[in-house]
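Before any comments, here is the structure.
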Amino acid sequence: MLNTILTGEPSDRPPLLIVHGLFGSARNWGVIARRIGTDRQVISVDMRNHGDSHWTESHDYFGMAEDLAEVLEHHGRADVLGHSMGGKASMVLALTRPDLVRRLIVADIAPVGYGHDQLDNIRKMKQVDLEKIASRAEATEMMGDLEAATAAFFLQSLDLQEKRWKLNLDVLERDMETILGFPEVEGRFDGPALFLSGAKSSYVTPAHHAAVEALFPEAVMEEIAGAGHWLHAEKPREVEAAVRGFIEG
């Protein structure tokens, strides 16, 4: 099963499953998990090929959805919040196992393919000579011309003691086209769904609304003012308020 971080105690309210994005980990959502975990249990996961979860030879959305289903079969039906890649995995979970999902929150992603890729970032991480580095500062220098915030985010997945990335970079690189796409999925999710996007992000636009509504007919669209793609890091209180309001119905 995926590595999980549990925040808060089980209660009479459904748990909240939080699913991070590409190159992330369960810890990326720690602030929001702790805040929402005051009155319900929050289950944050490391996705396959990330963090302390298992590595696999594939990184596709049906496989990721099966990983999430295994977690919920253990913990019970839940509200599900997924960001970016994790949002796509959460959508596939809701479409294939709607019995496990009470309410769905998708953060800054749509059920469509995207044209950009992250291959250059993978190459920069691979530039780090893991045998020679003694500090994160040295790793940052080896990655070259990355923005400070981006470098800091990647370095959360660098295990200096073990001299390894907690990211299966080879598989993520090979399956990048799959990660950027969205699979053909039969059916639809008729439960409540919130598509929460950053007002400054280009990941979800009005052109994507038809694709969302075809699969999630009860979808509600909401924007977080002043936020980009990393809305949970940029506007945590606003994201928490939107998520809490939605799951409390």
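The values are calculated or read from the model by the stated rules, or taken from the named source; none is laboratory data. The model shown is predicted, which means the values in this text are computed figures rather than measured ones. Every residue, glycine among them, receives a Cβ derived from its backbone with ideal geometry; neighbour counts consider all protein chains shown. Note: areas computed on protein heavy atoms with side chains; ligands, DNA, RNA excluded. Shrake-Rupley method; radii C 1.70, N 1.55, O 1.52, S 1.80 Å.
Points to keep in mind about this one:
- Rounded FRET efficiency, nearest 0.05, which uses the C-beta distance separating Glu73 from Ala137 and R0 of 41 Å: 0.45
- In summary, the lysines within cross-link reach of Lys163, defined as a Cα separation below 27 angstrom excluding same-chain residues under 8 places away, comprise Lys124, Lys126, Lys132.
- Computed FRET value (nearest 0.05) for Gln161 with Arg27, which takes r as the C-beta separation and R₀ as 22 Å: 0.85
- Euclidean distance between Cα centres, segment 26-49 to segment 190-211, Å: 22
- Heavy-atom accessible surface of the chain: percent carbon and sulfur, 1.4 Å: 47
- Exposure rank, largest accessible area first [Glu131, Glu218; 1.4 Å]: Glu131, Glu218
- Between the alpha-carbon centres of segment 108-127 and segment 67-101 there is a gap of 22 Å.
- 3J(HN,Hα) along segment 39-51: 10, 7, 7, 10, 10, 9, 10, 8, 5, 3, 6, 9, x Hz, from the Karplus curve 6.51 cos²θ - 1.76 cosθ + 1.60 with θ = phi - 60°, whole Hz, x for Gly and Pro.
- Label sites at Gln118 and Glu177, each approximated as a point 7 angstrom past Cα along Cα to Cβ, lie 1.9 nm apart.
- Only Cα pairs under 8 Å and 6+ residues apart enter the sum, and on that basis the relative contact order of segment 90-214 stands at 45 percent.
- Over the chain, relative contact order from alpha-carbon pairs under 8 Å, at least 6 apart, %: 20
- Per-residue [θ]222 nm for the chain (sum of -39500 (n - 2.57) over DSSP H runs n ≥ 4, rounded to 500): -10000 deg cm²/dmol
- Solvent exposure of segment 171-217 as accessible area per residue, Å², 1.4 Å probe: 51
- Gyration tensor verdict on segment 195-249 (Cα atoms; rounded if a/c is under 1.5, prolate if a/b is larger than b/c, oblate otherwise): oblate
- Compared with the direct C-alpha span, the chain from Leu130 to Ala207 gains 23.4 nm at full extension, assuming 0.36 nm per residue.
- For the chain, the share of DSSP beta bridges that are antiparallel, to the nearest 5, is 25%.
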